[in-house]
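I have a structure I would like to understand better, so I am pasting it below and will then ask my questions one at a time.
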């Protein structure tokens, strides 16, 4: 895959997207050249992976060591009944590659830890935290801070969600971790519905596209919070 040009098939596939003024040919090339690590291929990560593939991100790292379970399939929309007991990382690559063959998918079938996070993230341009687990998010925050890699965080709990972007490259005073996760439990998703995961993933991916194509995100060191049951959305 030549990341320096758009092939004829890519020009056809993304023609409507390229027609958007803020993207264009140059923006589409930036998307293709970008290498993004997605931590978690579950309810949030499976949608993030689909959306990032659909806009033409050229290289995606799928970081997950878990397997598909009965109780999680209702929100992990990439998987089906025949996938029970199989590794989400491998399944994600297999399923996405058939729909988006132009994307390179790297399977990283590991748990992110203090010992391996910097080594794994160092080859990527952006990291997405789709783990929905506070302990993992702490590790991601610290590793991206040390590596100066932009990090996109999404949290889901019941009908509520949060998204924030921390551009460790360009900000001298990023949000402290507790500002993002204030009063959240160690496991953040208590009560789960796929709609909230999809909405949260959409905001994350929209911010990623904005950041890559225009060097801009509407949420640098800010937090968007929402409750879909009440249609309350706040940015602070």
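None of the figures in this text is laboratory data; all of them are computed from the coordinates on show. Computed from a predicted model, the values in this text were never measured in an experiment. A quick note on method: Cβ atoms are made from the backbone with ideal geometry, for glycine too, and the neighbour counts reach across all protein chains shown.
Per DSSP helix of 4 or more residues, -39500 (n - 2.57); summed, then divided by the residues of the chain. What does that give at 222 nm, rounded to the nearest 500?
Details: 9 runs with 87 residues, N = 236.
It lands at -10500 deg cm²/dmol.
Take 49, 96, 84 and order them by how many other Cβ atoms sit within 10 Å, fewest up front. Numbers along the way, then the final one.
Values: 49 32, 96 22, 84 13.
Sorted ascending by nearby Cβ count, the order is 84, 96, 49.
To the nearest 0.05, what FRET efficiency results for residue 202 and residue 114 with a Förster distance of 41 Å applied to their C-beta separation?
Numbers: r = 31 Å, r/R0 = 0.75.
That gives a FRET efficiency of 0.85.
Here's a follow-up. I'd like to compare 36-45, 126-135: which one has the highest average count of other Cβ atoms within 10 Å, and what's the full order after that? Don't jump to the answer; show the numbers that get you there.
Values: 36-45: 27.2, 126-135: 23.8.
Ranking, from highest mean packing down: 36-45, 126-135.
Which percent, to the nearest 5, of DSSP beta bridges fully inside segment 34-235 are antiparallel?
Details: 18 of 36 bridges.
The antiparallel fraction comes to roughly 50 percent.
If you don't mind, there's one more thing I want to ask. Comparing 74, 50, 28, which has the greatest mean-square fluctuation in the GNM of the chain with Cα pairs linked when under 10 Å apart?
For the chain, modelled as a Gaussian network with Cα springs under 10 Å, the answer is 74.
I would also like to ask the following. Run the numbers for residue 231 and residue 9: contour at 0.36 nm per residue of separation, minus the present Cα-Cα distance, in nm. Spell out each step's value before the answer.
Details: separation 222, 0.36 × 222 = 79.92 nm, distance 3.98 nm.
Full-extension gain reported as 75.9 nm.
Next question, about the same structure. How would 152, 14 line up from fewest to most surrounding beta-carbon atoms within 10 angstrom? All intermediate terms of the calculation are to be shown ahead of the outcome.
Working: 152 27, 14 22.
Final ranking by Cβ density, sparse to dense: 14, 152.
Work out the FRET efficiency for residue 22 and residue 104 from their Cβ-Cβ distance, taking R0 = 30 Å, and round it to the nearest 0.05.
On the way: r = 25 Å, r/R0 = 0.84.
Result of the calculation: an efficiency of 0.75.
When a/c is below 1.5 the answer is rounded, else prolate if a/b is larger than b/c, else oblate, so apply that to segment 34-235 with a ≥ b ≥ c taken from the square roots of the Cα gyration tensor eigenvalues.
Rounded is the answer for segment 34-235, as its axis ratio a/c remains below 1.5.
Quote the relative contact order of segment 48-128 in percent (integer), defining contacts as alpha-carbon pairs under 8 Å separated by 6+ residues.
Numbers: 87 pairs, mean separation 30.9, N = 81.
After rounding, I find 38 percent.
What is the chain's relative contact order, in percent, from Cα pairs under 8 angstrom and six or more apart in sequence? Show your work: numbers first, answer last.
Numbers: 451 pairs, mean separation 46.9, N = 236.
That works out to 20 percent.
Where both residues lie in segment 1-151, what percent of DSSP beta bridges are antiparallel, nearest 5?
The answer is about 5 percent antiparallel.
Return the FRET efficiency for the residue pair residue 82, residue 193: r is the Cβ-Cβ distance, R0 is 41 Å, and the value is rounded to the nearest 0.05. Don't skip to the answer; put the middle values down first.
Numbers: r = 23 Å, r/R0 = 0.57.
The value I calculate is 0.95.
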